[in-house]
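These notes concern the structure reproduced below.
Values quoted throughout were computed directly from the atomic coordinates according to the rules given, and no laboratory measurement underlies them. Values in this document were obtained by computation on a predicted structure and should not be read as measured data. Positions of Cβ are generated from backbone atoms using ideal geometry, with glycine treated the same way; all protein chains shown enter the neighbour counts.
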Amino acid sequence: MAEKSTKNNELMEKIVSLCKRRGFIFQGSEIYGGLAGTWDYGPYGAELANNLKNIWWKRFISDREDMFGVDAAILMNPKVWEASGHVSGFSDPLVECEKCHHRFRADQLEDKIKCPDCGGKLGEERQFNMMFKTHVGATEDESSVSYLRPETAGGMFVNFKNVLDSIHPKIPFGLGQIGKAFRNEIAPRDFVFRSREFRQMEVEYFVKPENWKEAFEEWRGVVLDWCKEIGLDMNHVHELEVADEDRAHYSKRTIDFEFDYPFGRKELYGLAYRTDFDLKSHSSASGVDISYFDEETKERFIPHVIEPSLGVDRTILAVLSDSYKEEGEGDDKRVYLKFSPKVAPVKVAVFPLLKNKEILVDKAKEVYKLLKKEFGAVMFDDNGNIGKRYRRQDEIGTPWCVTVDFDTVEKDAGVTVRDRDTGEQKRMTVGEFIEFARKELSL
Ligand code: GAP
């Protein structure tokens, strides 16, 4: 058991180090010593995140006829969070050491009496609200208080009526959005798993009250299909029926999709049945009627809501931990990220076999430009020998490397395409490669 946990810690260290070394994820504000719970995404991390967000948007929104995307403001009227119950109830239990003043989440401590850092006495447990408070405008008093949103959901509930009045969708339909959420976590930890600033991809799906169960099942399937599409090992994905006492205040049923991260099995996503809690609360707090009128049955009612909520950053960490592979020993050792091609930040790298042969470099640049036009995320590399170039691309998970050699130029014999996972090389024309890659990328 201890051996397994050391190996898993090692794996996390390797992932964190590769992310920094190869420009995926950096500590937030690093040159100033960092800011706990914040992370900055570098060039490959940003591409990886965008690919995931685009796949989500396609599967959860644009491929469907009953879904509409929105993009609401992060700062909202504080009454939104009063009505939603976040001002009074969005808190974690906090304990502080009376000696070193370090703070801990009480529910994550085995020993609630002794400080795990200095052995000092822990104080009384109290509730700590996780919303970031700020002031909007030039006056800094209670009248100008606002919060950074702790979930993107709020922006969809308060726009339910705007969407009804502007595009007149018929129930069942849903709103979806991708955006930042902020939580002043007491103990941010495990790399991007628990951050203070993170991104969510959320759907609020509005149904007739009697139809919530079938909608819940449908979205459960959509979430599992998404996990498969982004290449997660489904043996690492588990569903947990969340017990009554552990559910959020708004939920009557929640399933957590958990993932076997290197540091243990932890929540990846949530699927909640939020009933009519939010629309009802916003309706009564704002005084605006947020009900739906069914033209067919002539009934007016407050829709119920099914909410699949997916974290971008937890997805990235799950994808990274399933993709990280090592092979061979010593000088032959190679590290590669076995990303599904759709998810990979760079799709193709193009090399001239030799750097100092103009004829090869020119042809390789021509192929590079052609492929870049086709696939966007394509790299040109003529640094070092071919072996080193392969290693560099393996480490960022590029599925295919295309090499231009003398046969390409002199005999018009196509290019060699090397597969990241098997190392196998095949000769094909550039046209054949484009056709092959388009199929792999589902383009
Ligand atoms: N609107 C529902 C909601 O926000 P949640 O279970 O609190 O529910 C949903 O959060 C998802 O957001 C989580 O399953 C996770 O993927 C992500 N998430 C939540 N807190 C996070 C944090 N501190 N850091 C990174 N991701 C987080």
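Would you mind putting 57-66, 351-360, 288-297, 44-53 in packing order, based on average other-beta-carbon counts within 10 Å, highest first?
On the way: 57-66: 14.9, 351-360: 17.6, 288-297: 12.5, 44-53: 20.1.
Final packing ranking: 44-53, 351-360, 57-66, 288-297.
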Cα axis of helix 312-323 to longest principal axis of the chain: angle in degrees, 0 to 90, nearest 10?
40
Förster radius 60 Å - calculated FRET efficiency between ASP412 and GLU82 (Cβ-Cβ, nearest 0.05)
0.25
Relative contact order, percent, of the stretch 1-140 when contacts are C-alpha pairs under 8 Å separated by at least 6 residues?
14
Between VAL288 and HIS236, what is the spin-label point distance in nm, taking each point 7 Å from the Cα along the Cα→C-beta axis?
4.3
Residue separation times 0.36 nm, minus the C-alpha to C-alpha distance between ALA377 and GLU326: what's the value?
15.9 nm
Tell me, which cysteines of the chain are without a disulfide-compatible partner by the Cβ under 4.7 Å rule?
CYS19, CYS227, CYS401
Given 5 Å bins starting at zero, what is the percent of C-alpha pairs of the stretch 321-361 in each, up to the one with the largest pair distance?
6, 17, 15, 15, 17, 17, 11, 3, 0
Quick one: what does P(r) look like for the chain with 20 Å bins over all Cα pairs, in whole %?
21, 48, 26, 4
Please list, in chain and number order, the residues 5+ apart from VAL348 or on another chain whose amide H is under 5 Å from its amide H, with Hs placed from the backbone.
MET379
How far, in degrees from 0 to 90, does helix 43-57 lean away from the longest principal axis of the Cα atoms of the chain, to the nearest 10?
60
Could you compute Rg(Cα) / (2.2 N^0.38 Å) for the stretch 346-440, with N its residue count?
0.96
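So what is the 222 nm mean residue ellipticity for the chain from helices alone, if each DSSP H run of at least 4 adds -39500 (n - 2.57) and you divide by all residues, rounding to the nearest 500 deg cm²/dmol? Before the final figure, lay out each step's value.
Numbers: 13 runs with 143 residues, N = 443.
Taken over the chain, the calculation gives -10000 deg cm²/dmol.
Determine, for each peptide in 274-280, 96-102, the mean count of other beta carbons within 10 angstrom over its residues, then list the peptides with the highest first.
On the way: 274-280: 20.9, 96-102: 14.6.
In descending order of packing, they fall as 274-280, 96-102.
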Please give me the summed charge of the neighbours of ILE55: other residues whose Cβ is under 12 Å from its Cβ, Lys and Arg +1, Asp and Glu -1.
+2
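Which peptide among 69-80, 390-401 comes first, and what is the full order, when sorted by highest mean count of other Cβ atoms within 10 Å? Could you put the intermediate results ahead of the total?
Details: 69-80: 15.2, 390-401: 22.1.
The packing order, highest mean first, is 390-401, 69-80.
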Using only Cα atoms, find the angle between the long axis of helix 358-375 and the longest principal axis of the chain, and express it within 0 to 90 degrees, rounded to the nearest 10.
30
